[in-house]
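Notes follow the structure.
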């Protein structure tokens, strides 16, 4: 269902884009997420495990962007992404939409970008099939390097965000567990289309 929604969102962006110089890119890359929380949780709904306050998650991020505004030194547009990460059978699926600004401030072909995104994070613990969905935000910065006519190497993307994950607080209300902090790192390929 998420992939269907992502494909529909991309199609809507393509149809709505009336700028002749639009730059569209698609990516599917590995992602590593450090999830931390200041309060340990316990029980079957503990997202970070029994008594855990941090854990490394790994998975994939897929999405795309449409840079529909082109200035002399900056471009801007939208980015739609879905990241799916797991650790010890616990999982987090983050679907987000954001504003992306990129530029070419160097003589090198390196193209840095920043973006702010909001969306929904759906999490489930390792010992329960129950999942919850909550609001999520993320701030990302990275740099792409062209390696072919329509292919960029995403040198690195680093992100920071927050989402309330499943816990004994969100399911049973027995304790007060704050939102988890997310630090992400990703790299890979971006396929561009003029």
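Points worth noting:
- Scanning the stretch 141-160 turns up no residue that is modelled with pLDDT under 95, farther than 21 Å from residue 32 by Cα and buried (at least 16 other Cβ atoms within 10 Å of the Cβ).
- Test: residue in the stretch 170-185 that is modelled with pLDDT under 95, in a strand (DSSP E or B) and over 22 Å from residue 34 (Cβ atoms): no
- Flag for residue 118 being surrounded by 15 or more Cβ atoms within 10 Å (Cβ to Cβ) and within 16 Å of residue 139 (Cα to Cα): no
- The residues of the stretch 25-38 that are surrounded by fewer than 18 Cβ atoms within 10 Å (Cβ to Cβ) and closer than 23 Å to residue 173 by Cβ, listed by number, are 36, 38.
- Residue check, residue 186 under 12 Å from residue 47 (Cα atoms) and in contact with a strand residue (DSSP E or B) (Cβ under 6 Å, 6 or more places away or on another chain): no
- First in the stretch 168-182 and loosely packed, with under 13 Cβ neighbours inside 10 Å, second anywhere and part of a loop (DSSP other than H, G, I, E, B), Cβ under 7 Å, 6 or more apart: 178/37; 178/38; 178/39
- Output for the stretch 39-86, where each listed residue is surrounded by 18 or more Cβ atoms within 10 Å (Cβ to Cβ), closer than 28 Å to residue 175 by Cβ and either in contact (Cβ under 8 Å) with a residue 40 or more places away in the chain or touching a helix residue (DSSP H, G or I) at 6+ places or on another chain (Cβ under 8 Å) (or both): 41, 45, 46, 47, 48, 49, 83, 85
- Sole residue being at pLDDT below 95 and either assigned to a loop (DSSP other than H, G, I, E, B) or within 15 Å of the chain's Cα centre (by Cα) (or both), chosen from 7, 20: 20
The values are calculated or read from the model by the stated rules, or taken from the named source; none is laboratory data. Being a predicted model, the structure only gives us computed values, none of them experimental. Every residue, glycine as well, gets a Cβ built from its backbone with ideal geometry; the counts of neighbours run over all protein chains shown.
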